[in-house]
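Accompanying notes for the structure given below.
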Amino acid sequence: DMTNSMKVNDKSNYRLDAAAMLVSMLDMNSSRVAVIPYARQPIEEKIIPLTAVADKNTRDMLIQKIYDMGELQAHTNYGTALMYANQMLLERGETSNQAMILFVTDGRNDLSGATDPVTHSLRWRNGQIEDDGSVMYDDQLANTVTREAVDCASESGFPIYVIAMTTDPSRAPAGSLS
């Protein structure tokens with residue numbers, strides 16, 4: 001979650017520390033990891049693609065990239081990030097390890113005031129992911145895409161584990177992700 005609300009809910013960047021710690025604990029013989037930073041959509045230039053954690057140098061490089069995620073941005077639209085994660089896992093090829101999505105957020109979709117379209121609107125339809133191209137999102141569409149992303153993960157056998165980093169329990173995303 002690279003949204004501006006993290007200035008309040010994660011002032012010390014614990015989400016980055018947690019991601020780095022997870023990477024440092026991965027088995028270097030068989031683990032792969034990807035990181036999809038997001039705000040109103042995945043921040044494509046900062047995405048870490050699915051990468052084999054084959055040695056210490058690779059692990060250290062991944063950890064450095066996590067800490068170099070960049071500036072926080074406006075608006076929250078995590079459905080697009082979840083759908084992107086699903087697509088990445090479906091296209092991963094080798095499947096000997098169980099894939100999962102570990103999702104960090106501090107709240108709900110919030111696109112109030114957004115004026116730019118999402119450039120790749122991935123949608124789950126008829127058992128496949130489709131790209132609707134550039135689409136203007138509002139909170140309702142973001143919630144629909146979130147539901148589709150959860151359905152896609154469920155149908156594909158990818159569990160989603162949520163870490164909710166919020167000081168306001170009413171903003172916790174559990175209901176929209178269950």
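Listed by first and then second residue, the pairs linking a residue in region 16-42 that is open to solvent by 60 Å² or more (accessible area, probe 1.4 Å) to a residue that is of a type in the set (A, V, I, L, M) and in a strand (DSSP E or B), with Cβ atoms under 6 Å apart and 6 or more places separating them unless they lie on different chains, are Arg32/Leu50; Arg32/Ala52.
Among the residues examined, Asn97 does not qualify as in contact (Cβ under 8 Å) with a residue 24 or more places away in the chain, at negative phi and in contact with a helix residue (DSSP H, G or I) (Cβ under 9 Å, 6 or more places away or on another chain). If the condition is being of a type in the set (Asp, Glu) and in contact with a strand residue (DSSP E or B) (Cβ under 9 Å, 6 or more places away or on another chain), then region 95-129 contributes Asp106, Asp110. Among the residues making up region 93-107, those that are in a loop (DSSP other than H, G, I, E, B) and surrounded by fewer than 20 Cβ atoms within 10 Å (Cβ to Cβ) are Gly93, Glu94, Thr95, Ser96, Asn97, Gln98, Ala99, Met100. Considering (1) aliphatic (A, V, I, L, M); (2) over 18 Å from Asp1 (Cβ atoms); (3) modelled with pLDDT under 85, the lone condition that Leu141 does not fulfil carries the number (3).
Restricting attention to region 1-15, the residues that are within 26 Å of Thr146 (Cα to Cα), of a type outside the set (Lys, Arg) and surrounded by fewer than 17 Cβ atoms within 10 Å (Cβ to Cβ) add up to 4.
Of the residues making up region 1-15, those that are among the hydrophobic types (A, V, I, L, M, F, W, C) and farther than 17 Å from Val162 by Cβ number 1. Of all residues in region 1-37, which are of a type in the set (Ser, Thr, Tyr) and in contact with a strand residue (DSSP E or B) (Cβ under 8 Å, 6 or more places away or on another chain)? If the condition is that a residue be of a type in the set (Ser, Thr, Tyr) and in contact with a strand residue (DSSP E or B) (Cβ under 8 Å, 6 or more places away or on another chain), then Thr3, Ser5, Ser31 are the ones that fit.
Is it true that some residue in region 56-73 is in a strand (DSSP E or B) and surrounded by 13 or more Cβ atoms within 10 Å (Cβ to Cβ)? Yes, there is a match, as at least one residue in region 56-73 is in a strand (DSSP E or B) and surrounded by 13 or more Cβ atoms within 10 Å (Cβ to Cβ). In this structure, is Gly133 part of a loop (DSSP other than H, G, I, E, B), at pLDDT 85 or above and over 30 Å from Asp27 (Cβ atoms)? Considered against the rule, which asks whether it is part of a loop (DSSP other than H, G, I, E, B), at pLDDT 85 or above and over 30 Å from Asp27 (Cβ atoms), Gly133 comes out as yes. The residues listed here are Thr105, Thr115, Thr58; of these, the one that is out of contact with any Cys (no Cβ under 9 Å at 6 or more places or on another chain), under 20 Å from Val150 (Cα atoms) and hydroxyl-bearing (Ser, Thr, Tyr) is Thr105. Screening Tyr84 against (1) open to solvent by less than 20 Å² (accessible area, probe 1.4 Å); (2) within 25 Å of Glu155 (Cβ to Cβ); (3) not polar (S, T, N, Q) leaves a single unmet condition, (1). Of the residues making up region 113-139, those that are farther than 19 Å from Ala153 by Cα, open to solvent by less than 70 Å² (accessible area, probe 1.4 Å) and small (Gly, Ala, Ser) are Gly113, Ala114, Gly133.
The values are calculated or read from the model by the stated rules, or taken from the named source; none is laboratory data. As the structure is a prediction and not an experimental result, all values here were calculated from the model. We place every Cβ from the backbone using ideal geometry, glycine too, and count neighbours over all the protein chains shown. Accessible surface is based on the protein model in full, side chains and every heavy atom, while ligands, DNA and RNA are left aside. Shrake-Rupley method; radii C 1.70, N 1.55, O 1.52, S 1.80 Å.
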